[in-house]
Amino acid sequence: MGARPATSAGDDQRTVFDLDLIKRYDQSGPRYTSYPTAVEFDPAFDATRYAEVCRETNASGRPLSLYFHIPFCDTVCFYCACNKIATKDRTLVRPYLDRVYQEMAMQSALFDDDRVVEQLHWGGGTPTFISHAQMRELMDQTRKHFKLADDEHGEYSIEIDPREASGDTIELLREIGFNRMSLGVQDFDPRVQQAVNRIQSEEETMAVLEAARAAGFRSISIDLIYGLPHQTAESFMDTVERIIAVAPDRLSVFNYAHLPARFMPQRRIDDDDLPRPEVKLEILQAATERLTEAGWLYIGMDHFARPDDELARAQRDGTLYRNFQGYSTHSNCDLIGLGVTSIGMVGKTYGQNRRELDAYYEDIDAGRLPVFRGIELNRDDEIRRDVITRLICHFRLDFADVERHWGIDFHDYFGRSLAKLEGMQQDGLLAVDAQGIGVLPKGRLLIRNICMAFDAYLEAKQGPVGFSKVI
């Protein structure tokens, strides 16, 4: 019997936590929601070029994906690194939504009417900060400007803060078309909640989860964060056990990146209250092993899913995809970003909207698309994006498949990258042979490190700048 090919190693959906390896490889690096990353975006890619690209993509007839950014929050969570506006003043929503509708009209005019929206996401901020009437209105306006797929084929998701959503809210969201949601929990420990200014009871969280199940939401995900003030492995596992008991379809266990110089709310967190690096690793190890034991699979990049979840199935059959909305089964969509700071991915480009509310309003009021920077991918960018996407989604890479698709000799093209993997291969993170690369169970948690070997922009820098730790 011949040796098992390296590419089949990626089919092993187990995850092994090797503490020594993780300590050695724990460095800063991109999350690869895009390649090239947003660090490379340039004002040379402007609204004019963006509009040209959008029109050019109509020849493809590809389906569309819509992302709406709702930036408002009632209170600020001190750990937050999102683009948000903390306010009690709900009258700020009306002028914002009016501008979003104007942007929607401008954006939809660039795309043929028969291009169907297969994916839609409301993020923030807190999307449910807006009123029930405004939620209905926003979805009505979306259907006015775009053709949405039916409920069976569409993937329509929303981020939920349980403190801002009642049972009636959940029923309304299902009625207007949402069929997936992610619930922000972070940690049930009252001491942790107090330290990060997010007081949220288990009861109100579970009430939203049960309401979503009763309303027929097809997928419910829960978000947790490790590395917050006062957390220990024991205290965090108490939260994990309570989440396991209610069995969500998916789980995200995010690493808290403490960057107070960049994110002002984080300055309210006392550095002395943060768990030490070795405690963070204990927390991650305990959570990963317990979730795996309880039946969830590690999909990658902090995400776990049930083996029968569509993400797990897509990973097994090689159709999983990753973009700014996270892991998805809709790989062939052009993504339109709507609202302040949103990022779109249309054709071979990324384009980002204005990040300041006043500047966003100024562009919209002048009848201009608010895209202010982005990047147009060259051929090398496209090839490397494809390789990184395959690895981060499937934990395997078939050289011949890449060679056929791009007309390259993999070993000639990526000789330097393969050389960077030699140490990782010796450490048991991955297997490489003549057929391809397979990420082994020890390497799954370190997939960002593996992808970094193929990143041409990191190679040109004096070390990665502004990225969070990989673990």
### Summary
Looking across region 311-356 at residues that are assigned to a helix (DSSP H, G or I) and out of contact with any Lys or Arg (no Cβ under 9 Å at 6 or more places or on another chain), the single one that is farthest from ASP223 (Cα to Cα) is ASP317
#### Entry: Candidates LEU251, LEU274 - the one that is touching a residue at least 40 places away in the same chain (Cβ under 8 Å) and within 23 Å of the chain's Cα centre (by Cα)
LEU251
### Summary
Note on region 45-64: residues within 24 Å of the chain's Cα centre (by Cα) and either open to solvent by 30 Å² or more (accessible area, probe 1.4 Å) or among the aromatic types (Phe, Trp, Tyr) (or both) are PHE45, TYR50, ARG62
### Query
Inside region 395-409, can you point out the residues that are open to solvent by 10 Å² or more (accessible area, probe 1.4 Å), modelled with pLDDT of 95 or more and on the phi < 0 side of the Ramachandran plot?
ASP398, ALA400, ASP401, GLU403, ARG404, HIS405, TRP406, ILE408, ASP409
### Message
Tell me the residue from THR319, THR341 that is β-branched (Val, Ile, Thr), in contact (Cβ under 8 Å) with a residue 12 or more places away in the chain, open to solvent by 10 Å² or more (accessible area, probe 1.4 Å) and closer than 29 Å to ASP249 by Cα, please.
### Response
THR319
#### Entry: Single match in ILE375, ILE392, ILE336 (criterion: modelled with pLDDT under 95, within 24 Å of PRO63 (Cα to Cα), touching a strand residue (DSSP E or B) at 6+ places or on another chain (Cβ under 8 Å) and among the aliphatic types (A, V, I, L, M))
ILE392
### Message
Please determine whether any residue of region 367-388 is of a type in the set (Asp, Glu), surrounded by fewer than 21 Cβ atoms within 10 Å (Cβ to Cβ) and over 25 Å from the mean Cα position of the chain (by Cα).
### Response
no
### Query
With (1) small (Gly, Ala, Ser); (2) over 21 Å from PRO275 (Cα atoms); (3) in contact with a Pro (Cβ under 7 Å, 6 or more places away or on another chain) as the list, and ALA195 as the residue in question, which single condition is left unmet?
(2)
#### Entry: Matching residues, region 223-274, being open to solvent by 40 Å² or more (accessible area, probe 1.4 Å) and within 11 Å of GLN186 (Cβ to Cβ)
PHE254
### Task
Starting from region 95-109, take each residue that is closer than 17 Å to VAL53 by Cβ and open to solvent by less than 10 Å² (accessible area, probe 1.4 Å) and list its partners that are in a helix (DSSP H, G or I) and not aromatic (Phe, Trp, Tyr), counting only C-beta distances under 6 angstrom and pairs at least six apart or across chains.
GLU103/ILE364
### Task
Collect the residues in region 262-291 that are in a helix (DSSP H, G or I) and in contact with a Phe, Trp or Tyr (Cβ under 8 Å, 6 or more places away or on another chain), keeping them in residue-number order.
PRO265, GLN266, ARG268, LYS280, ILE283, LEU284, GLN285, ALA286, ALA287, THR288, GLU289, LEU291
### Task
Go over the candidates ARG390, ARG379, ARG416 one by one and state the one that is in contact with a Phe, Trp or Tyr (Cβ under 9 Å, 6 or more places away or on another chain) and not hydroxyl-bearing (Ser, Thr, Tyr).
ARG379
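Quick check, is GLY167 surrounded by 17 or more Cβ atoms within 10 Å (Cβ to Cβ) and of a type in the set (Gly, Ala, Ser)?
Considered against the rule, which asks whether it is surrounded by 17 or more Cβ atoms within 10 Å (Cβ to Cβ) and of a type in the set (Gly, Ala, Ser), GLY167 comes out as no.
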### Task
Scan region 354-363 and give yes if some residue there is open to solvent by 40 Å² or more (accessible area, probe 1.4 Å), more than 19 Å from VAL100 (Cα to Cα), out of contact with any Phe, Trp or Tyr (no Cβ under 7 Å at 6 or more places or on another chain) and of a type outside the set (A, V, I, L, M), otherwise no.
no
### Task
Might you let me know whether region 456-465 holds any residue that is touching a Cys at 6+ places or on another chain (Cβ under 9 Å) and under 24 Å from THR349 (Cα atoms)?
no
### Summary
Being surrounded by 14 or more Cβ atoms within 10 Å (Cβ to Cβ) and touching a residue at least 60 places away in the same chain (Cβ under 8 Å) narrows LEU418, LEU440 down to just LEU440
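The values are calculated or read from the model by the stated rules, or taken from the named source; none is laboratory data. None of the values given here were measured: they were computed from a predicted structure. Cβ: placed from backbone, ideal geometry, glycine included. Neighbour counts: every protein chain shown. We work out accessible area using only protein heavy atoms, side chains counted, and drop any ligands, DNA or RNA first. Shrake-Rupley method; radii C 1.70, N 1.55, O 1.52, S 1.80 Å.
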